[in-house]
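Input: a single structure, listed below in structure tokens.
The values are calculated or read from the model by the stated rules, or taken from the named source; none is laboratory data. Quantities reported herein were computed from a predicted structural model and do not represent experimental measurements. Glycine gets a Cβ as well: all are built from the backbone with ideal geometry, and neighbour counts include every protein chain shown.
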Amino acid sequence: MLTVHSRVTQDRRLLSRIPALLPCEITYDKVTRQAVIVDLSLNGAYISSKSLPPKDAPVTVSLFSTHLKRPLLLDGRIARRGWGTSEEGNVGRFGVRFDRVSPELISLLRALIAKGEGHTPSEPASSK
């Protein structure tokens with residue numbers, strides 16, 4: 001039996017979301033806020049924060065990980081958004097679509113996949 005894998009199937013696999021609880025900062029409207037990346041892909045990230053950026057707002061995500069030599073800065077736009085609840089009360093949940101794929105992001109995703117997890121509790125919440 002012949003199995004055919006279409007380009008769409010291959011592309012979808014390349015853009016899979018990787019579960020990651022990585023500290024980050026989100027900058028929009030000239031203000032920087034603390035947040036956590038819930039999952040990450042080549043195209044974007046799903047983020048949880050105490051604030052909720054406006055839909056389509058341009059943002060910069062500063063991502064922190066022990067797999068990186070320095071914070072990874074990723075520009076993008078808010079693709080979807082909404083409020084959710086957590087142990088800490090109401091939290092903003094939103095998707096960011098990145099403007100471009102960086103080599104550093106590819107390396108980070110590979111490292112997270114190789115380790116089988118994205119969360120490293122010793123990571124700093126901020127580099128400031």
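Which condition number does Glu123 fail, the rest of (1) of a type in the set (D, E, K, R); (2) modelled with pLDDT under 90; (3) not in a loop (DSSP other than H, G, I, E, B) being met?
Among (1) of a type in the set (D, E, K, R); (2) modelled with pLDDT under 90; (3) not in a loop (DSSP other than H, G, I, E, B), the lone unmet condition for Glu123 is (3).
Can you tell me which residues in the stretch 88-113 are more than 16 Å from Leu42 (Cα to Cα) and aliphatic (A, V, I, L, M)?
Once the filter is applied, which keeps residues that are more than 16 Å from Leu42 (Cα to Cα) and aliphatic (A, V, I, L, M), the stretch 88-113 yields only Val91.
Tell me, please, whether a residue that is modelled with pLDDT of 95 or more and part of a loop (DSSP other than H, G, I, E, B) can be found in the stretch 9-24.
no
Take the residues in the stretch 89-107 that are in a helix (DSSP H, G or I) and not hydrophobic (A, V, I, L, M, F, W, C), then tell me which one is nearest to Cys24 (Cα to Cα).
This residue is Glu104.
Given the criteria surrounded by fewer than 20 Cβ atoms within 10 Å (Cβ to Cβ) and farther than 28 Å from Lys115 by Cα, does Lys30 qualify?
For Lys30, the condition - surrounded by fewer than 20 Cβ atoms within 10 Å (Cβ to Cβ) and farther than 28 Å from Lys115 by Cα - is met.
If I ask for residues that are of a type in the set (D, E, K, R) and either part of a strand (DSSP E or B) or within 14 Å of Ser48 (Cα to Cα) (or both), which ones from the stretch 59-88 would you list?
Within the stretch 59-88, Asp75, Arg77, Arg80, Arg81, Glu87, Glu88 qualify.
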